[in-house]
Amino acid sequence: MEWHEVFKGVAEADVPPAVLEEEREERKSLFRRLRRNLGKARHAVRDGLRSALYVGVDRRLFEQVEETLIAADVGVDGTIKIVDELERRCTAKKIESREPFLEELATVVAQTLAPDDPDEQRIDVSADPSVILVVGVNGTGKTTTIGKLAHRLKQLGKTPLVVAADTFRAAAVEQLAEWAGRVGCEIVKQDEGSDPAAVVYDGLAAARSRGADVVIIDTAGRLHTQVNLMRELEKVRRVIERQMPGAPHETLLVLDATTGQNGLRQAQEFKQAVDVTGIVLTKLDGTAKGGIVVAIRETLGIPIKLIGVGEKLEDLRPFEPEAFARAIFGDGEEEGD
Ligand SMILES: Nc1nc2c(ncn2[C@@H]2O[C@H](COP(=O)(O)OP(=O)(O)O)[C@@H](O)[C@H]2O)c(=O)[nH]1
Ligand SMILES: [Mg+2]
């Protein structure tokens, strides 16, 4: 999936030809890079299956798959579903060796991850201006993701504007300002401790007056209490709705893949407070537990729209179930991993 396809409201005709060309060029090495970025998760699966894989496709191998998936944070329900389907297919196709077995495993995982409607994984920026509210616990990668997202939108010919509504810490505003500077987009901010709802109000007004077409709002991930945080987010959401009917058009919840089941619990809370339309799963480059994507799909019913696979500007990717499953579970040469 190319970036202009990720966004609902970006027409291919509006994207500078040089950017399209670059995307196509990038695409050739993308899978390789994804596999390298997901190396930890991939190696964990390899190590988990190694001893059993070379013996043959038998009871022991399926048990090993089960253990490996559980260890990768796939979750019990997802694991049972995947292993059952895998056994069924292996029997039906009389699969007896390593390569086709891994192929089948990757296919089954990809199917488990596939959205019912591929459109639901896209990010809607078709309104003018569009509002993207970004929420999540501190340290999950909200501000970084906003920088990366603004960068992509700008490349595609959009005019993003970022709003520093995490007013709880001065450093948070500075960090967003740094990203805005790097990306070359406008930022709306106020002093530390200001009312986030007021900053958001300013941000939306500024977007209209300055002709920005995508407003991305950074929010606090920690307050004195969790209840306060959820109340604040609800308030921010109400301010947006009142000022701009139909907005926010997207509410992205940022989750840190390394936090496992804990991340899932957080997600439930945010889901209740604000109407989450998509998940950004970050730090997949730093974890052996890439299977969390399956657990998210099975338990939350919210599509993963983007994944973070590093700290650099270009380390944000559309979530492509097929490529993701193949990068972690698929066979293929190990060099460069
Ligand atoms: N390895 C890795 N680090 C990330 C990723 N996304 C964010 N980070 C890092 O996580 C830390 C917290 O990110 P930040 O954006 O400040 O989180 P926030 O508190 O939610 O705004 C920073 O050091 C980021 O560089 C990712 O996809 N991979
Ligand atoms: Mg932040």
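What follows draws every value from the coordinates through simple rules; no lab data is involved. What you see is a predicted model, and the numbers here were worked out from it, not measured in a lab. No Cβ is skipped: glycine too gets one built from the backbone with ideal geometry, and neighbour counts run over all protein chains shown.
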Response to the item:
Screening Arg27, Arg88 for residues that are charged (D, E, K, R) and either more than 26 Å from Glu298 (Cβ to Cβ) or touching a Leu at 6+ places or on another chain (Cβ under 6 Å) (or both) leaves only Arg27
Item to complete: Might you check whether a residue that is within 16 Å of ligand 1 (Cβ to nearest atom) and part of a helix (DSSP H, G or I) occurs anywhere in the range 159-170?
Response: yes
Item to complete: Give Thr251, Thr258, Thr299 a once-over and let me know the one that is of a type in the set (S, T, N, Q), within 14 Å of ligand 1 (Cβ to nearest atom) and in contact with a helix residue (DSSP H, G or I) (Cβ under 8 Å, 6 or more places away or on another chain).
Response: Thr258
Discussion item. Val239 - would you say it is without any contact (Cβ under 8 Å) to a residue 24 or more places away in the chain, more than 16 Å from ligand 2 (Cβ to nearest atom) and either out of contact with any strand residue (DSSP E or B) (no Cβ under 6 Å at 6 or more places or on another chain) or closer than 17 Å to Val254 by Cβ (or both)?
Written reply: no
Practice prompt. Report yes if Leu281 is within 17 Å of the chain's Cα centre (by Cα) and in a helix (DSSP H, G or I), otherwise no.
Written response: no
Practice prompt. State yes or no: is Val109 farther than 30 Å from Gly157 by Cα, touching a residue at least 24 places away in the same chain (Cβ under 8 Å) and within 16 Å of ligand 2 (Cβ to nearest atom)?
Written response: no
Discussion item. Can you pull out every residue in the range 179-204 that is over 25 Å from the mean Cα position of the chain (by Cα), assigned to a helix (DSSP H, G or I) and free of Cβ contacts under 8 Å to residues at least 40 places away in the same chain?
Written reply: Ala198, Val199, Asp202
